[in-house]
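This report refers to the structure that appears directly beneath it.
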Amino acid sequence: MNPDAQQSTLPRWPALEQALDFNALAPGVLPLVQAIAATDNLPERLAKMALLMRERALERDARLLARAAIALAPEDYRIRVMTDWLVRREAPLWHFGIVHDNLRNEAYARALEHFVKPGMTVFEIGTGTGILAMLAARAGARHVYTCERRADVAAAARAIIERNGLADHITVIAKDAQLVELGRDIPERADLFVAEIVDDTLLGEQVLPLTELARARFLQPGAILLPRAISTIGYLVSGRGHRERYRMGEVLGFDLSLFNRFSPPEIGLPKGGDNVEPLSAPMELASFDLMQDAPKESRRTVTLMATQSGMVEGVMRWLRLDFGEGIIFENRPPQTSSWSPILHVLPHPRFVRAGQSVSMEVSHTRDRLFMIPLS
Amino acid sequence: MTHEKSTSTLSLKCLITRNADIVSTDMNAETVMMSIERGEFYGVNRVGGLTWNLLAQPRTLASLCEELCLKFDVSEAECQRAVTHFIGELQQLGLISITPPVEAA
């Protein structure tokens, strides 16, 4: 550190000391901040310095500086653009996608209307915008406890809930579910659990371990789960070039096919399935009763029989959430939703005649589902 | 700010002074310099950082090279060539000022 930095002035911006924890900065970063603390365009300088720290893998300092820039100039669009990397990390874009998914929203709204009874307490993992917690409160819940691990998202949800007049009925706990404490964050075990923690692949958002965590720590015995079961359903599909989009051959006279060692065995398809042609009847490929602890791993063989002849490109599958009492969400193509179907590609497209079968091994871990062609 | 572009007249007797609006700090394996006035950042490696730190007090190019020759296994000529080039870059970036030697009457 050079002597000039040590002689820097103290912050002139009164809000800076609230916006930035100086003690949390790395020793090498502190003199730079102190040197600019009295400058007129401090928020922009902090945002720029945050980018510099990111380039140098000083992630913690980058986050602190970017947060301070936003706090000092919340309405400044230049700062908003320069700190978007931080905002995106805190609030991924899929938040916007799921609230526009009417099929999803309506399924959860119907389920909550049906199962929430006056006086019930509700527990949720993954507050997001607070939409499900507010639906539960509107349905008559005495109180909803909802946890959100991203602090910025939790703060936004609190503001949304307050704006919608439900602050007395909903408590947003800004914690990872693993850190929520019964008797401290939640006064008692809840009567109903609601969560939307499935991804396109079904298990990628930890729905199995998190639901088990909720049942073990935060729910009454026999509490209602929404959804109560999840599954993935699929069928054989014909080739429409999906596989080829992720493979290479000759391009401009050069053979690039050796790059195919990186071709993915499963592909996220455009929402709605992009007009794939089914070659078999839909079949349940994997299912999980969330009322029970799921096995850590499992493996089974499913056989899909072609109902019409064609070139099989792979197995396309989608999601099914069962809330009970006939309330079901399913994004079976061509139905669009915020979740995309998944195509498990065969290593080589295969022509099948009607009546012939393709067998797949379906296995899973706690957060992954695998499909491997057997024949 | 206008920066002196030419370094061709840099002599060993020139006095090199860090500009007042430059703050520097050590960060991981580099030294980062920041212009308070312009809001620009510059980074130099370990050797550059050591050279910068030797300029905490104004000193002549000859004194700077002499100090660096003691610290590194390098010939005087090679050291002068490299340091002259580096000082020229710092000058062009507006991080330092160079005062020519006072001519004897």
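List the helices (runs of 4 or more DSSP H) that sit entirely inside the range A:64-179 and contain at least 3 residues that are modelled with pLDDT under 95 and not polar (S, T, N, Q).
On the way: elements: A:77-82, A:84-90, A:94-99, A:102-115, A:131-138, A:151-163.
Counting at least 3 such residues, we get A:84-90, A:94-99.
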Inset, instruction - May I ask you to list the residues in the range A:34-52 that are out of contact with any Ser or Thr (no Cβ under 8 Å at 6 or more places or on another chain), more than 10 Å from every other protein chain (Cβ to nearest Cβ) and more than 13 Å from A:Leu72 (Cα to Cα)? - result: none
Inset, instruction - Search the range A:231-256 for residues being of a type in the set (Gly, Ala, Ser) and surrounded by fewer than 12 Cβ atoms within 10 Å (Cβ to Cβ), and hand back the single one that is farthest from A:Gly355 (Cα to Cα). - result: A:Gly253
Inset, instruction - Quick one: A:Asp199 ticks every box in (1) touching a helix residue (DSSP H, G or I) at 6+ places or on another chain (Cβ under 9 Å); (2) over 30 Å from A:Pro347 (Cα atoms); (3) of a type in the set (Asp, Glu) except a single one, so which number is it? - result: (2)
Inset, instruction - Hey, could you check the range B:46-74 for residues that are out of contact with any Cys (no Cβ under 8 Å at 6 or more places or on another chain) and free of Cβ contacts under 8 Å to residues at least 12 places away in the same chain and say which is nearest to B:Thr25 (Cα to Cα)? - result: B:Gln57
Inset, instruction - May I ask you to say which residue of A:Ala50, A:Ala38, A:Ala26 is modelled with pLDDT of 90 or more and out of contact with any strand residue (DSSP E or B) (no Cβ under 9 Å at 6 or more places or on another chain)? - result: A:Ala50
Inset, instruction - Output yes when any residue across the range A:77-88 is surrounded by fewer than 18 Cβ atoms within 10 Å (Cβ to Cβ) and aliphatic (A, V, I, L, M), and no when none is. - result: yes
Legend entry - Selected residue (only one of B:Asn45, B:Asn28 is within 14 Å of chain A (Cβ to nearest Cβ), touching a strand residue (DSSP E or B) at 6+ places or on another chain (Cβ under 9 Å) and surrounded by fewer than 15 Cβ atoms within 10 Å (Cβ to Cβ)): B:Asn45
Inset, instruction - Go through the range B:52-71 and count every residue that is surrounded by 13 or more Cβ atoms within 10 Å (Cβ to Cβ) and either within 14 Å of another protein chain (Cβ to nearest Cβ) or out of contact with any strand residue (DSSP E or B) (no Cβ under 7 Å at 6 or more places or on another chain) (or both). - result: 12
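The values are calculated or read from the model by the stated rules, or taken from the named source; none is laboratory data. What you see is a predicted model; the values in this text were computed from it and never measured. So basically every Cβ, Gly included, is an ideal-geometry build from the backbone, and we count neighbours across all protein chains shown.
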